[in-house]
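*Asks:* Let me begin by handing over the structure; questions about it come next.
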Amino acid sequence: MDIQYVKGVGPSLAKKIEKLGLFTAKDVLSFFPVSYQDRRNIKKIYHLVPGEDTFAIGRISRVTEYKKGKYHILNVLMDDSTGEMQATWFNQPFLLKAFKSGMKVLISGKIEIDPISRRKTMKVSDHELVTEDNVDKIIPIYSLTKGVYQKQVRMIVEKCLKQELKTLLDPLPLELREKYSLMTLSHAIWYYHYPKDRDNYLSAKRRLIFEDIFYLQLALMLNRKKDRDKEEGIFFELKNTLSKQYFDSLPYRLTGAQERVMAEVRKDMNSLRPMNRMVQGDVGSGKTEVAMSSILLAVENDYQVAIMAPTEILAYQHYQKMIRYLQPLGVRVELLVGSITAKSKDRRQYLVANGSAQVVVGTHALIQDKVEFANLGLAIIDEQHRFGVLQRSALRQKSKRGEADLLVITATPIPRTLTLTLYGDLDKSILDEMPPGRTPIQTDWLRKISKPLLIKIEEELSKGNQAYWVFPLVEESEKIDLKAATEGSEFIKANYFPNRNVGLLHGKMKQEEKDKVMKDFRDKKIDILVATTVIEVGVDVPDATIMVIEHAERFGLSQLHQLRGRIGRSNKASFCYLISTSKTEVSQKRIGALVATTNGFELAEVDLELRGPGDYFGAKQSGLPTMLVANLIKDEKMIHEARKIAEEVVEKQDSNEYQTVFDEMYKRPSLFIGSEGMN
């Protein structure tokens, strides 16, 4: 039913509440309170404390009005058995006729003391006439929009719930609800709006958190089971020809974690079940070697490899790295990104289609219909959280000989709850050991560029080391930030280090210019590289031992950690200086956390807590499910429980008793429930 036809709504109010996402009576089933007022024990006027935001009940004894400039002011004197107070409304003259002496009114607002009368006063933000239905109980508080009041929304919600909950079926079988002490869905929705007490509220909330999490976990478990049951993947024989040649040439020994993760990857590839694995590793933990072991195994078996990155800059850096590692082994590498010329793109697509290109590095361009692989065997996705399940599936399905193996590699440690929620269908490997000889990076927070800092930088440069000087760059102020970085490099050269070579690197440069600057920096022709966040990932200069980050408060915690990871790439002591004058609580916690630890997994937990799941991957992130009640930070226990229940239910997929559960799952649109996983 269209919400305008609900009794008491009408077209005018319906138009307003559409902004709250309420178009039909059924929409109310997913419109929950943002907080509550406990009106069971309302304080008497005598006990109201100045400064607190609260509500009170009083009987009207006098109503007066007057004008002050353009303001209409209505003062109402009200009392109870313990005392009296004055309530004030601004620019609501119609209330003069509505308020009568002797009426009981419930008001909300901040308690103050009148400096002259010393009487308690309140500038009223909301009010209701007292009835049996709105006192002595817990009352829901809802999100509002312009021109809509709490009492109107409460009226609409209550009427719609009474109508819709009559016909709401619970998809969960009784057996499952009883086993895990889950309230029925209709009771959970009703009591979450109108809880009897705290225990009743928590029981309702628990079922609704379960609703948010369970069907996603079920979809992930179903995908996982489907992958595990497949016998149509590619078998890679462990030939160890190119692999031995490459790893024997390394000037260092692999860590135990690298050996372990490489063995897990090779075991997956050496079976007919398609690999579906994610490798998490902190900055500098050696993910490249893991990727190389899988790439070489695929090439040894005459299969092609696709490496997909989220940005052209990162794709190009991967391409350069692959050229450096694979060309000496006789492996042909090609780059496929959107910005290359049409002629060049056609030529490279031809090489991919006929199998000449053995390793293909690119962006989303790799999953376009025009791109055909001769015999794709392995798909590697970097920074996977920026891609959805459908995108990674589209890349895997470019294979013509069974589904390609998938290896997801992320340098961004992901908090436990997000790993469980977003990547439940992937096998996990964690590189939890740093290469030997790495010295922890010392991180300091400074309010300004100081003389001791400049002396420290000069000392490092005198030892033959190099420095990064990073300026922020965000889309909304790109021109201003670009100017700041450009002028900053000139200022640093002229005022701080006139005898040093200062270079500049930013995202607006042409690729050839970027390559030249980075080559000059690697070749030590540049002492100080002034840059925007283009250096966040992929840049590896062992002699860079010092980093200055200006306006550190404008970077995310994960981004700061990634930037810091560009130094400390050797056994030399390294130093990171965060420059910020910000005094906001979030900035102080963020920068303080970075100073306190270099552990990326610890920082990821802090980052998630500070930003919340909705902002964790940025405004354009993909893949986060909509959580109506659940909190991915606080509800980890329920995530584990829902996952356990989902594993049980997947095994009963063919049972008629559980058909309603799977029907409900299919109704829920999500990037995680793509057609490729549900057919």
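*Asks:* How many of the residues in segment 569-595 are assigned to a helix (DSSP H, G or I) and in contact (Cβ under 8 Å) with a residue 60 or more places away in the chain?
*Replies:* 4
*Asks:* Further, regarding this structure: For the condition within 21 Å of Leu165 (Cβ to Cβ) and charged (D, E, K, R), what is the one hit in Lys19, Lys7, Lys44, Lys15?
*Replies:* Among Lys19, Lys7, Lys44, Lys15, only Lys7 is within 21 Å of Leu165 (Cβ to Cβ) and charged (D, E, K, R).
*Asks:* Take Tyr66 and decide whether it is more than 23 Å from Met155 (Cβ to Cβ), modelled with pLDDT under 90 and either of a type in the set (Ser, Thr, Tyr) or open to solvent by 70 Å² or more (accessible area, probe 1.4 Å) (or both).
*Replies:* Values: more than 23 Å from Met155 (Cβ to Cβ): yes; modelled with pLDDT under 90: yes; either of a type in the set (Ser, Thr, Tyr) or open to solvent by 70 Å² or more (accessible area, probe 1.4 Å) (or both): yes.
Judged against the criteria, Tyr66 is a match.
*Asks:* Looking only at residues that are open to solvent by 50 Å² or more (accessible area, probe 1.4 Å) and under 31 Å from the mean Cα position of the chain (by Cα) in segment 331-383, which one is nearest to Glu289 (Cα to Cα)?
*Replies:* His364
*Asks:* Checking the structure you have, find out if any residue of segment 199-207 is polar (S, T, N, Q), modelled with pLDDT under 90 and either touching a strand residue (DSSP E or B) at 6+ places or on another chain (Cβ under 9 Å) or open to solvent by 30 Å² or more (accessible area, probe 1.4 Å) (or both).
*Replies:* No, the conditions are met nowhere in segment 199-207.
*Asks:* Using the structure shown, decide if Asp212 is under 22 Å from Glu657 (Cα atoms) and either touching a helix residue (DSSP H, G or I) at 6+ places or on another chain (Cβ under 8 Å) or not in a loop (DSSP other than H, G, I, E, B) (or both).
*Replies:* Judged against the criteria, Asp212 is a match.
*Asks:* If you don't mind, another one. Considering only residues that are open to solvent by less than 70 Å² (accessible area, probe 1.4 Å) and either among the polar types (S, T, N, Q) or assigned to a helix (DSSP H, G or I) (or both), which ones fall in segment 1-17?
*Replies:* Hits for segment 1-17 are Ile3, Gln4, Gly10, Leu13, Ala14, Ile17.
*Asks:* Among (1) of a type in the set (A, V, I, L, M, F, W, C); (2) open to solvent by less than 30 Å² (accessible area, probe 1.4 Å); (3) part of a loop (DSSP other than H, G, I, E, B), where does Phe235 come up short?
*Replies:* (2)
*Asks:* Here's something else I'd like to know. Quick check: anything in segment 315-323 open to solvent by less than 30 Å² (accessible area, probe 1.4 Å), part of a helix (DSSP H, G or I), at negative phi and in contact (Cβ under 8 Å) with a residue 40 or more places away in the chain?
*Replies:* Checked against the condition, which is being open to solvent by less than 30 Å² (accessible area, probe 1.4 Å), part of a helix (DSSP H, G or I), at negative phi and in contact (Cβ under 8 Å) with a residue 40 or more places away in the chain, segment 315-323 yields at least one hit.
*Asks:* Residue under question is Ala646, and the condition is that it be modelled with pLDDT of 85 or more and open to solvent by less than 50 Å² (accessible area, probe 1.4 Å); does it hold?
*Replies:* Yes: the conditions hold for Ala646.
*Asks:* Also, I was wondering about something else. Restricting to segment 402-434, what's the tally of residues that are in contact with a Ser or Thr (Cβ under 8 Å, 6 or more places away or on another chain), open to solvent by 10 Å² or more (accessible area, probe 1.4 Å) and at pLDDT 75 or above?
*Replies:* 4
*Asks:* Just checking, how many residues over segment 82-112 are hydroxyl-bearing (Ser, Thr, Tyr) and open to solvent by 70 Å² or more (accessible area, probe 1.4 Å)?
*Replies:* Counting residues in segment 82-112 that are hydroxyl-bearing (Ser, Thr, Tyr) and open to solvent by 70 Å² or more (accessible area, probe 1.4 Å) gives 1.
*Asks:* Sort out which residues of segment 284-315 are modelled with pLDDT of 85 or more and not hydrophobic (A, V, I, L, M, F, W, C), and write them in order of number.
*Replies:* Once the filter is applied, which keeps residues that are modelled with pLDDT of 85 or more and not hydrophobic (A, V, I, L, M, F, W, C), segment 284-315 yields Lys287, Thr288, Glu289, Ser293, Ser294, Glu300, Asn301, Asp302, Tyr303, Gln304.
*Asks:* All but one of (1) without any contact (Cβ under 8 Å) to a residue 60 or more places away in the chain; (2) open to solvent by less than 80 Å² (accessible area, probe 1.4 Å); (3) closer than 26 Å to Pro195 by Cβ hold for Lys43; state the number of the condition that does not hold.
*Replies:* Failing condition for Lys43: (2).
*Asks:* In this structure, is Lys572 open to solvent by 50 Å² or more (accessible area, probe 1.4 Å) and modelled with pLDDT of 85 or more?
*Replies:* yes
*Asks:* Within segment 316-347, can you find the residues that are aliphatic (A, V, I, L, M) and either modelled with pLDDT of 90 or more or in contact with a Pro (Cβ under 6 Å, 6 or more places away or on another chain) (or both)?
*Replies:* Residues satisfying the conditions are Met322, Ile323, Leu326, Leu329, Val331, Val333, Leu335, Leu336.
*Asks:* Continuing with the same structure: Being assigned to a helix (DSSP H, G or I), at pLDDT 65 or above and either under 14 Å from Ile414 (Cβ atoms) or open to solvent by less than 50 Å² (accessible area, probe 1.4 Å) (or both) is the requirement here; does Val606 meet it?
*Replies:* Considered against the rule, which asks whether it is assigned to a helix (DSSP H, G or I), at pLDDT 65 or above and either under 14 Å from Ile414 (Cβ atoms) or open to solvent by less than 50 Å² (accessible area, probe 1.4 Å) (or both), Val606 comes out as yes.
*Asks:* Could you tell me whether Lys151 is more than 21 Å from Ala25 (Cβ to Cβ), out of contact with any helix residue (DSSP H, G or I) (no Cβ under 9 Å at 6 or more places or on another chain) and either open to solvent by less than 60 Å² (accessible area, probe 1.4 Å) or outside any strand (DSSP E or B) (or both)?
*Replies:* no
*Asks:* Looking at Asp27, Asp38, Asp53, Asp79, which is the one that is touching a Ser or Thr at 6+ places or on another chain (Cβ under 6 Å) and either open to solvent by 30 Å² or more (accessible area, probe 1.4 Å) or among the aromatic types (Phe, Trp, Tyr) (or both)?
*Replies:* Matching residue, one of Asp27, Asp38, Asp53, Asp79: Asp79.
*Asks:* Right, here's the next one. Enumerate the pairs (first residue in segment 256-270 and at negative phi and crowded, with 17+ Cβ neighbours inside 10 Å; second residue anywhere and part of a helix (DSSP H, G or I) and of a type in the set (D, E, K, R)) with beta-carbon separation below 8 Å, excluding pairs fewer than 6 apart on the same chain, so at least 6 apart or on different chains.
*Replies:* So the pair list comes out as Gln258/Glu289; Met262/Glu289.
*Asks:* Let me ask something else about it. Go through segment 384-401 residue by residue and tally those that are open to solvent by 30 Å² or more (accessible area, probe 1.4 Å), at pLDDT below 80 and within 18 Å of Phe235 (Cα to Cα).
*Replies:* Adding up the residues that qualify gives 3.
The values are calculated or read from the model by the stated rules, or taken from the named source; none is laboratory data. Not measured: the values here are computed from a predicted model. Every residue, glycine among them, receives a Cβ derived from its backbone with ideal geometry; neighbour counts consider all protein chains shown. For the accessible areas, the whole protein counts, side chains as well, though only heavy atoms, and no ligand, DNA or RNA atoms are used. Shrake-Rupley method; radii C 1.70, N 1.55, O 1.52, S 1.80 Å.
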